[in-house]
Amino acid sequence: MTAARVILPGILMTALALQALLPKRRVLIVTCGAGLSCLAATLLGIATTPALLAEVPWNVLVILVALGLLSSMLAEAGLFDRLAVIATRASRADAVRALAVFAVVMYVVSGVVNNITALVLVLPVLHVLLKLAGPRQRYVSWTVGVLLVACNLGGAATPIGDFPAILLLSGGRLTFVGYLQRAAPATAVALAVLLAIVLVVVRPARGVARDPISAQLTRAIVLAMHRRVALDRRTFVPAVVSLALMLAAWTLLPASWGITPELVCWLGVGLALALRHRLGEKLVRSGIDSEATLFLLSLFVMVAAVRRAGVFEAVARSIQTLPISPTGQLVVFLLVAGLVTGIFSAGPSMAALLDVADSLARRLPPHAVYVGLALAVCAGSSLFLTAATSGPLAQAITERANLRDPEGRPLRFGFSDFLPVGLVSFCVIEATAIAYALLALRCRPRAHVHLGTSAARNLVR
Amino acid sequence: MTLPVSAPAAFRLAAAELGMCSAARLFTSELLAAGGTALLVEAREQLGSDYPVLDLVLSEALEGRPAPAIDATEIVRALGTATTVLVVGLEAFFLDALVSALRDARLGLVLGEGGLEGDLRRILANFGGRVEEVRMGEIQRWAGRKSALLTFVYGSVGANAYVSPAWLRVAGPDVRTQFRTLVGWNVLARPMTLYPRWLAETPSEPFSRVVGP
């Protein structure tokens, strides 16, 4: 083992552990970690800083920033204030119902828009309900945590919901319909199982007031807070039309045109902002979430250094040389994919694992490999708060909400608060991924595989 | 029926986003509907000392005098021909009535920092773009011969009135001369009986007029 394979992963792991221990300094910690990774990679002769920066998946950051701006635009239009009223009425301001209703809403919304967008839209509404419900730490951790996992599942349910699925779609590995008809039912089952475990076994609402007076007060206050809120159609229509055009482009444009998802997103959001140019300029100047962007950028730099050290390739080789059947190799691969994603986050690990998946897809049904991979990445994204792109964002939004329990003690939503939710969710989704893959392998002769052109060419090759 | 354990936090949030008196009116009517006067008594015992405006509104309700309907007719008369009205402090239900009554006036809202901070974007969203956010440093831009300053008054004792702390920062001697009129809208039926926490005491004399019950 070379020094680079020890030092560079060591820097990454140390930075991840430190930011988990000191969440209030997390951006500073990962930024310094990224700088140290660049220095170590340069001194060890692994890569220069420009080379590491060139490996940063800027497309993920472009999508993150652009959809963040679109969500701000939808927020300006008053959409989420209307959602607040609808969600409050649907949940009847009851703690248990609120958890389930918001999780299902987030699952559905995340399938259509980026899960970061969905989270930015709905989380402030949930915070109001949490504040009014007199929450406990356990309830806040599980409610916001399950919401995050529902976002991840919704993102994995459709080929346009989250970046890993978009990667599969844009690379021509699976068609839109081929992915949707397999991933959507699997993720819906995972969500149902997770909700059943949380609501029946974990019961996080224990200790939270669920009396009718509390519910009545909560409903009355939320309705009063949004008493005259109307949807601003001048802002809402351009945002929604742009989103619809983006969805159509992501779905219909052939990959061979080279119009990538991030370009579609860039242009689509640019169009929406240009149509409301005054508001658009204001949002571009002040509406970008620099905290989450800088955090991810630093993470990507550290992961790029680890990749340059050959750690990911070593993992791929190890899987392919395992003395077990291809089915066993797939199961091991899905487990490794989940764990690697948990540590390195979805974007970077998906990019690294796709090479391994392509080689497995030459010997096994591609949909079993790719959809299984998407589900395993979803499981990994749900393992730690830092694993999903939306995790640090949810943490920041929740910290800003300044939640307190009935005794006035501040409530947190940090790495350790999310961990129990992450472990349960990881087990449920990872089990779903493996079950799906095994089922797909068993049904192999009857399976009708929708393959895109480039993937088909790869298979022929 | 007992008062929910979340009631203090719920009132605090409601007061931050609706204003003390509006939140007190809402709480009183909801608690009365849910648990009758017994719940009002309990709310007064538990929350009254922290929120004196709520204490007063609850005591009025317990004495059989529910909060009167909000009518902006007198306040519009007091504002006279002002075409620009800068409102200092928040009372959402009263502001709703004012916005409906002043169809052509330009309305600004100064909140300042009074210990309770609501989501300003959500607060303003209820006025359909009719009310603009005004920061402390921007107040001079709203001054003029046809501009009025308005704040909500929470009862008065002798020569003094109780107002939002933001009023003290806005209505200094130099600012007073730059506005056509300074109007107070008394939102309480009678003076508070407890220490006016969250509020500030100010002389009533600078007000051109104080309108209220």
Apportionment of accessible area to carbon and sulfur, segment A:144-243, percent (1.4 Å)
66
Expected integer from the mean partner chain Cβ neighbour count at 10 Å over A:129-138 is 3
Segment A:176-222: which residues show an accessible-area loss of 30 Å² or more, assembly versus chain alone, 1.4 Å probe?
A:213, A:216, A:217, A:220, A:221
Between residue A:48 and residue A:402, what is 0.36 nm times their sequence separation minus the Cα-Cα distance? Round to one decimal in nm.
123.3 nm
Using the Cα gyration tensor of segment A:1-47, with a ≥ b ≥ c the square roots of its eigenvalues, what is the shape: rounded (a/c below 1.5), prolate (a/b larger than b/c) or oblate (neither)?
oblate
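Would you tally the net charge around residue A:229, using a Cβ to Cβ cut-off of less than 9 Å, leaving residue A:229 out, and scoring K and R as +1, D and E as -1?
Surrounding charge for residue A:229 is +3.
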How large is the charge dipole for segment A:246-338, taken about the Cα centre, if only the Cβ atoms of Lys, Arg (+1) and Asp, Glu (-1) carry charge, to the nearest 20 debye?
140
Tell me: how much accessible area in total is hidden between A and B, 1.4 Å probe, Å², nearest 100?
2300
Can you give the FRET efficiency for residue A:442 and residue A:419, using 1/(1 + (r/R0)^6), R0 = 51 Å, r = Cβ-Cβ distance, to the nearest 0.05?
0.90
Spin-label pair residue B:145/residue A:14, simplified geometry with 7 Å Cα→Cβ offset, distance in nm
7.2
When the accessible area of chain B is computed with all protein chains present and a 1.4 Å probe, what percentage of it is carbon and sulfur?
49
Could you compute the net charge surrounding residue B:138? Neighbours are other residues with a C-beta less than 14 Å from the C-beta of residue B:138; K and R count +1, D and E count -1.
+2
Go ahead and run the numbers for FRET between residue B:205 and residue B:38, Cβ-Cβ distance against an R0 of 35 Å, rounding to 0.05.
0.25
With a sphere of radius 14 Å drawn around the Cβ of residue B:185, what net charge do the other residues whose Cβ falls strictly inside it have (Lys, Arg +1; Asp, Glu -1)?
-2
Specify whether the C-alpha gyration tensor of chain A places it in the rounded, prolate or oblate class, a ≥ b ≥ c being the square roots of the eigenvalues: rounded for a/c under 1.5, otherwise prolate if a/b is larger than b/c and oblate if not.
rounded
Per-residue ellipticity at 222 nm attributable to helices in the protein assembly as shown (runs of n ≥ 4 DSSP H, -39500 (n - 2.57) apiece, nearest 500 deg cm²/dmol) works out to -21000 deg cm²/dmol
Which of the residues in segment B:1-43 show a loss of at least 50 Å² in accessible area from their chain by itself to the complete set of protein chains, at a probe of 1.4 Å?
B:4, B:5, B:6, B:13, B:30
Based on the Cβ-Cβ distance of residue A:28 and residue A:313, what FRET efficiency does E = 1/(1 + (r/R0)^6) give at R0 = 30 Å, to the nearest 0.05?
0.45
What length, rounded to one decimal in nm, is gained on full extension from residue A:248 through to residue A:2, with 0.36 nm per residue of separation minus their alpha-carbon distance?
83.8 nm
Segment A:72-117 shape via C-alpha gyration tensor axes, a/c threshold 1.5
oblate
Spin-label model distance (nm) - residue A:257 vs residue A:290, 7 Å beyond Cα toward Cβ:
3.6
Accessible area per residue, 1.4 Å probe, Å², for the protein assembly as shown: what's the number?
40
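The values are calculated or read from the model by the stated rules, or taken from the named source; none is laboratory data. Just so you know, these numbers come straight off a predicted model, no measurement behind them. Note: ideal-geometry Cβ built from the backbone for every residue, glycine included; neighbour counts use all protein chains shown. Keep in mind that these areas ignore ligands, DNA and RNA; they rest on the heavy atoms of the full protein, side chains included. Shrake-Rupley method; radii C 1.70, N 1.55, O 1.52, S 1.80 Å.
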